[in-house]
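What follows is a single structure, written as structure tokens, with notes after it.
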Amino acid sequence: MTKFKICGLRDVYHAIVAADAGADFLGFNFVEGVRRQLQPDEAEDLINDYRSREKDGEPALVGLFANQSANLINSAIKKCGLDYVQLCGDEPTGLWATIDAPVIRHVRVMDSLPRVEAVADASRKVEIAVSRGHMALLDKHESGSLGGTGKTFDWTIAWEIARQYPVFLAGGLTPENVASAIQTVSPWGVDVSSGVETDGIKDADRINAFAHEVRS
């Protein structure tokens, strides 16, 4: 069964909707300057409120960071009780070992390159993460974008990589296309944020529709 993550959550209501829909992971964005950014204190209040209403266990809580210090990341892990850290920047592998939670490495697929080169580049980055006991998430490469692009890329490139490694597929997924993405790529998991929003705000109906399509 394909796992799924609802990312960019900013309020308790939609976190509960996502959990009740069967999400395996909930994502909270700490990346500086992005639209869905949460400050650590804000995230702590949100997550504590969520945990007071939901049972322990699944889904796992993921914090997104990009080019931020290990001290800041570890402080947020402790403060918010994060289960995973998704690194979305250019963090060197040496920093990964200093993080107090398992890492999900955000790998940007450069599908503007010739296909063989794009596959080789992304596969190398995924292999580095997996060989160190971490996970990897495939997203579209877009210059200057951190914490998710909201755009699809060539899924056949992702298929080549997913044949070898367990990966999340991200980038422009929606309730309307996620079934096709899963059939094409066979990823370990899928990740969505803007695809379950209406006018930039999480939409409970779209979260439930996405979950239904994944589970189906």
Connecting every pair of Cα atoms under 10 Å apart in the chain and solving the GNM, the largest mean-square fluctuation among 140, 151, 202 falls on 151
Going toward the positive end of the dipole of segment 3-215, with +1 on Lys and Arg Cβ and -1 on Asp and Glu Cβ, which of 165, 211, 190 do you reach last?
165
When Lys and Arg each count +1 and Asp and Glu each count -1, what net charge do the other residues less than 13 Å away from residue 44, Cβ to Cβ, add up to?
-1
Linear extension gain, residue 131 paired with residue 205, 0.36 nm per residue minus alpha-carbon span
22.8 nm
Cα extents of the chain along the principal axes, largest first, in whole Å, come to 48, 39, 29
Taking the Cα centre of the chain as origin, sum charge times position over the Cβ atoms of Lys and Arg (+1) and Asp and Glu (-1), and report the length of that vector in debye to the nearest 20.
400
Inter-label distance for residue 176 and residue 32, nm, one decimal - labels placed 7 Å from Cα along Cα-to-Cβ
3.7
List, in the order given, every pair from 79/125; 3/202; 3/125; 79/151; 5/79 whose Cα-Cα distance in the structure shown is over 25 Å.
79/125; 79/151
Taking a virtual spin label 7 Å from the Cα of residue 151 along the C-beta vector, which residues in segment 168-189 bring their backbone nitrogen under 16 Å of it?
170-173
If each part is reduced to its alpha-carbon centroid, segment 58-111 and segment 121-141 end up apart, in Å, by 14
If you take the beta carbon distance between residue 113 and residue 216 as r and set R0 to 22 Å, what does 1/(1 + (r/R0)^6) give as a FRET efficiency, to the nearest 0.05?
0.05
Gain upon complete extension [residue 71, residue 58; 0.36 nm per residue less C-alpha separation]:
2.0 nm
How would you rank 5-18, 77-90, 173-186, highest first, on the average number of other Cβ atoms within 10 Å across their residues?
5-18, 77-90, 173-186
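Read-outs: derived from the displayed coordinates by stated rules, not from any lab. If you're wondering where the values come from, they're calculated on a predicted model, not measured in any experiment. Glycine also receives a Cβ, built like all others from the backbone with ideal geometry; neighbour counts cover every protein chain displayed.
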